[in-house]
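Visitor: Dumping the structure here so I can ask a few things about it.
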């Protein structure tokens with residue numbers, strides 16, 4: 001699937017409202033353009049990393065939570 005998601009000013013305003021983030025009037029378009037580019041690239045990376053040849057890859061850095069180590 002190669003459908004491009006479009007994020008516009010209305011979606012930015014809705015996301016900001018859901019997250020209870022203050023958003024100055026007039027900033028929606030600038031943020032929409034940035035998010036639209038990020039989402040497109042993130043989706044492309046997700047498709048690439050979901051390919052069979054990458055299924056065995058694991059992160060080079062593993063993060064642990066201190067509480068998880070307390071029981072050892």
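Quick note: the coordinates plus some simple rules give every number you see, no bench work behind them. All figures in this text were calculated on a predicted structure; none of them were measured in a lab. Quick reminder, even Gly has a Cβ in these numbers, built from the backbone with ideal geometry, and neighbours come from all protein chains shown.
Visitor: For labels at residue 39 and residue 55 in the simple 7 Å Cα→Cβ model, what's the distance in nm?
Guide: 2.9 nm
Visitor: Among 23, 15, 57, which one moves the most in a GNM of the chain with springs linking Cα atoms closer than 10 Å?
Guide: Highest fluctuation of the listed residues: 57.
Visitor: May I pose another question? Å³ per residue of the Cα convex hull, for the stretch 9-69?
Guide: That works out to 157 Å³ per residue.
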